[in-house]
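The values are calculated or read from the model by the stated rules, or taken from the named source; none is laboratory data. Given the structure is predicted, the values throughout are model-derived calculations rather than measurements. As a convention, Cβ positions derive from the backbone with ideal geometry for all residues, glycine included, and neighbour counts pool all protein chains shown. Accessible surface is based on the protein model in full, side chains and every heavy atom, while ligands, DNA and RNA are left aside. Shrake-Rupley method; radii C 1.70, N 1.55, O 1.52, S 1.80 Å.
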Amino acid sequence: MDNEVLKAIRERRSIRRFQEKQISDDELKSVLDAGTWAATGHGTQDPWIVAVQNPQLMQRLSAVNAEIMGITSNPYYDAPTIVLVFASADNYNRERDASLVLGNMMLAAHSIGLASCWINRVDEMFKRDELKALLKEWGLPDGLVGVGSLALGYAASQPRTVKERKTDYYRVIK
């Protein structure tokens with residue numbers, strides 16, 4: 001069986017080299033909208049999505065992420081857009097719900113010709129007072145924690161190889 005969604009799932013790859021060119025507002029909106037259609041536990045729609053395209057703020061976010069990671073390179077691979085996903089600290093399903101949001105956005109990005117890569121450490125980044133203040137500045141509610149983020153843009157290169165799926169990945173029990 002095959003269709004466009006299954007094809008996109010098989011073809012999407014994490015990209016770590018981006019063109020400098022910024023994505024269009026329509027492309028960004030399409031990706032963000034896809035995130036809002038992700039399933040959430042009990043239909044809470046608890047995750048919050050923030051897209052950042054401001055170069056100074058992106059540099060600041062990258063520097064904090066790099067410091068936590070213990071590197072000097074840019075953990076967002078110089079992508080022209082960073083997308084951050086937060087959820088309520090007291091939501092039992094926060095990681096699950098936000099992960100589905102991020103997954104939807106990665107598939108949507110691929111389907112319209114954009115590249116993405118999931119970037120970790122957002123939870124640690126937004127424990128810092130200097131970044132917690134941004135949540136208030138952005139008009140987000142209190143009590144949120146970072147779950148994950150995306151580097152988003154146009155691919156500057158594509159992976160040369162694709163890992164084969166392990167043969168015993170799943171079981172069917174009837």
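Just tell me which aspartates and glutamates come within less than 18 Å, Cα to Cα, of K21; anything on the same chain fewer than 8 places away is out. Cross-link targets: D78.
The translational diffusion coefficient of the chain, from Stokes-Einstein at 10 °C and 1.306 mPa s with a Kirkwood hydrodynamic radius over alpha carbon pairs, comes to 93 µm²/s. Based on DSSP H segments of at least four residues, each scored -39500 (n - 2.57), the chain has a per-residue ellipticity at 222 nm of -11500 deg cm²/dmol. For region 52-58, backbone phi angles converted through the Karplus equation (6.51, -1.76, 1.60; θ = phi - 60°) give residue-by-residue couplings of 10, 10, 6, x, 5, 5, 4 Hz, Gly and Pro being listed as x. Here the Karplus relation 6.51 cos²θ - 1.76 cosθ + 1.60, evaluated at θ = phi - 60°, turns the backbone of region 84-95 into coupling constants of 9, 10, 10, 8, 5, 4, 8, 8, 4, 9, 4, 5 Hz, with x for every Gly and Pro. Note that region 39-132 presents 49 Å² accessible area per residue, ligands and nucleic acids not counted, probe 1.4 Å.
Peptides 70-77, 163-170 ranked from most to least packed give 70-77, 163-170, packing being the mean of other C-beta atoms within 10 angstrom over each peptide's residues. For region 1-139, with all protein chains present and a 1.4 Å probe, just round the carbon and sulfur fraction of the accessible area to a whole percent. Solvent-exposed carbon and sulfur of region 1-139 make up 50 percent of the total. Residues whose amide H lies under 5 Å from that of W48, counting only those 5 or more places away or on a different chain, are F86, A87; hydrogens are built 1.01 Å from N in the peptide plane.
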